[in-house]
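Read the structure below first, then the notes.
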Amino acid sequence: MKMDINSHLVAVASLARALLLDWLRSKTGAFFTILFPIMLMVMLTLAFNDDLNRLDLYVQNLDLDHDGMPTETSSSLIKLLSSSMLNIKHIPADVDAYEYVKYSTNKRVLIIPYGFDASIRAKSMEARMAVMLSTLDLFIERSWVQDGVRTSMISGMEGLQRELALRNGDKTASGGNATNAPPALARLLLIVDSSKDREYERVEGILASIVAMLQQSTIDAPDILRMEVKDVSTTERANYYLPSVLAAFIMTNGVLGTSGIVADFKRRGMLKRLMSTPLSRLQWIIANMMAQTILALILASVMVCIAVIALNTTLPNAISMVVLAIGALCFTGLGMLIAGALKDPHAITGASNAIAFPMMFLSGTFWPIGSMHEYMQSIAYALPLTYFIDALNASMYQSSILALQSTSMLALFAIVFVTLGSYLTRWKQE
Amino acid sequence: MENAIEVVNLVKSYSGKNVVDGISFNVKKGMIFALLGPNGAGKTTTIEIVECLRPLTSGSVRVLGYNVGDRRDEQEIKRRIGIMPQEFRALDKLSVRENIELFSRLYPYHSSSKDVDEVIRAFGLEEYSNVRFERLSGGIRQRLGLAIATIHDPEILFLDEPTTGLDPTSRRQVWAMIRALKDSGKTVVLTSHYMEEVEYLADEVAIMSKGRIVASGSPQDIASRYGTGRRLTIRGYSRSRLLASLANSSNTLGDTLTLSMDRLDSMLIAEIVDMAIRDGLEVQFKNPSLEDAFLRLVGRIDEDGRLIING
């Protein structure tokens, strides 16, 4: 009575189906497998949205005088900002504003660059001179003043401009070329992360009106001051949480689910019962992997649908499904490895929790790895979940080529875990 | 009659200690064979070796002509045996039918839905067919365990404590099913703590103690060979001064006096019975039983009802 290929497949598929049904029919299983990750994704996405009434603006003033005090114009700008709807907070000059915005939530930074005051004054003087000269030209045209007066007036104004520049610390102004180069445009830089900041457009609008007001108060002339916006986000907000929460829950389902099934089956004698049938160790492992992969794909489909409909994320591509399957295999392998290495069912559960939960927090599920301490970052890059999140992120929202490196690492972990898990799984009592 | 199972000099040791110590026995095809022994006697280890669930240390075990220990042969053995573990458990969230279907598909030429229906009917599980395992009572679970053990039409059935924890009605239902399996030509290997169950069901018995077989034969043979003969028991004997004078530590347990009728003359027996009845005491005559033989072979019961193993 030989077992043909078809019988082997039927045995594996039946066991995988049974494991899946048993898991999904459990109310707590279904809650923690499907509903909880969705709730977490929605909660995280909403939690890190801005409060509508909170319009904080962090200002980094780099325009300081020789004594380290803010220049007159930058102070005026800050006063103007404070009198608006914005809640102004200051950050020190030595902080990297880009990193500050990128790795924190609800933060937008306005940088007042060094030379802001000088540029405003120079530009203002340039505008005033232009007005005076055009007025003078009008007087000459109408023969109200002589042409020689114009030359001496221009020379006098250029001298005044140089003196102003020197007073503001512009050393090149003393050189002969200073007067020839047009003064630089005064710029403000607003750094935002649109993936985390839904209010940045409102803040930008308020800032634009303040800039216009400042221009008017200086002199009613355009192009004295310009504000640039730099968006440091690489993804949409929900796009950030979808892959990380998805990866984290596929990991916990794989590790805790698989090791939990093995521990439970050991405890209840079910594993012994299965060992007494013609089912082989390999079939048992494959059935578990099939069940976990299908579960991962179900979870991914439901989460993606909700994220697309409710949180307006983009639809992931087919390659990310392959990454999901590799991830499911990897963590099912890890679950098998833990269950195979330990005999005591209680120890299996404890060890799985001890591995899965720290890994979830250390791999960038809830915050970017870049925001963690350096030594924590080196731990993160030794964990398979980090590569799973990276691979999912890249395959979902960036490019398949970017996903390749992380996917390769994930696949490597999967091969190691599955091989060791298979080796350590005992299909006989001692 | 051909042997279904042949065990020769089987040894299983852990850390140099033999928990199964060179036992040999045969189980003939079509019979019900019971393996008895106190906890720790080595019977579960022995059965699990025969079931290909544990490796043996030395000796040989052949099941239906296939060698235990040979990988290919073990696959053949597993296809031809059915197992019902003690306190059978299945997948909690799956129904009776789904659990039967699952196990049927783990065997080659798995059963059709018609076979599943037949098994469900044969074991009286029709009304529970769509009920999840977690909601079944102990008796129904054991019936399902038997149904699953037989779904692939095995030649040998291993039943480990099949009626433990069941009420008397359920126990008798399970007995009837085991008898029916025997009548259909199956070989049944049974382990049990219930002597009356073994006496009722088994054709052959082997009693194990400390890894060795200390007695084997039919239940009646063992009872007459190792039992205590016909006995007279009197409950509440301490209330009678004369009866109390007959008591010593070897013939009393609690307030019950047990006297071997083979050692007393019939006149004295009549007198003792008469005295006991006049004092309103409970008197019983007992024939030799497997339980007596078992107790004599493996140990004795102490005053708190615990089994004290010999030696």
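Need pairs with beta-carbon distance below 6 Å; first residue more than 19 Å from B:GLY280 (Cα to Cα) and within segment B:228-254, second in a helix (DSSP H, G or I); sequence gap 6+ or separate chains.
B:THR228/B:ASP292; B:GLY229/B:ASP262; B:ARG230/B:MET261
Table: residues versus (1) at positive phi; (2) away from chain A (no Cβ under 11 Å); (3) surrounded by 16 or more Cβ atoms within 10 Å (Cβ to Cβ); (4) of a type in the set (D, E, K, R).
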| residue | (1), (2), (3), (4) |
| --- | --- |
| B:ASN18 | no, yes, yes, no |
| B:ASP70 | no, yes, no, yes |
| B:GLU76 | no, no, yes, yes |
| B:GLY82 | no, no, yes, no |
| B:PRO85 | no, no, yes, no |
| B:ALA90 | no, no, yes, no |
| B:GLU101 | no, no, yes, yes |
| B:ARG105 | no, no, yes, yes |
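Does at least one position in segment A:375-393 carry a residue that is in contact with a Leu (Cβ under 7 Å, 6 or more places away or on another chain), touching a residue at least 24 places away in the same chain (Cβ under 8 Å), surrounded by fewer than 16 Cβ atoms within 10 Å (Cβ to Cβ) and of a type in the set (A, V, I, L, M, F, W, C)?
No - not one qualifying residue is present in segment A:375-393.
Give segment A:296-311 a look and list any residue that's over 21 Å from A:GLY254 (Cβ atoms) and out of contact with any Ser or Thr (no Cβ under 8 Å at 6 or more places or on another chain), or say none.
Listed by number, the residues that qualify are A:CYS305, A:ILE306, A:ILE309, A:ALA310.
Hey, does segment B:225-244 have a residue that's open to solvent by less than 50 Å² (accessible area, probe 1.4 Å), assigned to a loop (DSSP other than H, G, I, E, B) and modelled with pLDDT of 90 or more?
Checked against the condition, which is being open to solvent by less than 50 Å² (accessible area, probe 1.4 Å), assigned to a loop (DSSP other than H, G, I, E, B) and modelled with pLDDT of 90 or more, segment B:225-244 yields no hits at all.
Consider A:GLU430 against the criteria (1) without any contact (Cβ under 8 Å) to a residue 12 or more places away in the chain; (2) out of contact with any Pro (no Cβ under 9 Å at 6 or more places or on another chain): it satisfies all of them except one. Which criterion is unmet?
Result: A:GLU430 fails condition (2) only.
Examine segment B:22-44 for a residue that is surrounded by fewer than 17 Cβ atoms within 10 Å (Cβ to Cβ), among the basic types (Lys, Arg) and away from every other protein chain (no Cβ under 14 Å), and state whether such a residue exists.
Yes; the residues of segment B:22-44 include at least one that is surrounded by fewer than 17 Cβ atoms within 10 Å (Cβ to Cβ), among the basic types (Lys, Arg) and away from every other protein chain (no Cβ under 14 Å).
Take the residues in segment B:178-219 that are under 21 Å from B:ASP153 (Cβ atoms) and either assigned to a loop (DSSP other than H, G, I, E, B) or not assigned by TED's automatic domain parsing to the domain that holds B:LYS17 (or both); name whichever of them is least open to solvent (accessible area, probe 1.4 Å).
B:LYS186
Collect the residues in segment B:49-78 that are of a type in the set (D, E, K, R) and touching a residue at least 40 places away in the same chain (Cβ under 8 Å), keeping them in residue-number order.
Selection gives B:GLU51, B:ARG54, B:ARG62.
Could you check segment A:71-116 and list, in sequence order, the residues that are among the basic types (Lys, Arg), modelled with pLDDT under 80 and assigned to a loop (DSSP other than H, G, I, E, B)?
Hit for segment A:71-116 is A:LYS107, nothing else.
Examine segment B:111-120 for a residue that is more than 8 Å from chain A (Cβ to nearest Cβ), within 23 Å of the chain's Cα centre (by Cα) and in a loop (DSSP other than H, G, I, E, B), and state whether such a residue exists.
No, segment B:111-120 has no match at all.
Give all pairs with beta carbons closer than 9 Å in which a residue from segment A:264-291 that is free of Cβ contacts under 8 Å to residues at least 40 places away in the same chain and at the interface with chain B (Cβ under 7 Å from one of its Cβ atoms) meets a residue that is open to solvent by less than 40 Å² (accessible area, probe 1.4 Å) and of a type in the set (Lys, Arg); count only pairs at least 6 apart in sequence or on separate chains.
Cβ pairs passing all conditions: A:SER276/B:LYS78; A:THR277/B:LYS78; A:THR277/B:ARG79.
The values are calculated or read from the model by the stated rules, or taken from the named source; none is laboratory data. On a predicted model such as this, the values are computed, not experimentally measured, just so you know. When we count neighbours, we look across all protein chains shown, and the Cβ atoms used for this are built from the backbone with ideal geometry, even at glycine. Note: accessible area is taken over every heavy atom of the protein model, side chains too, but ligands, DNA and RNA are not part of it. Shrake-Rupley method; radii C 1.70, N 1.55, O 1.52, S 1.80 Å.
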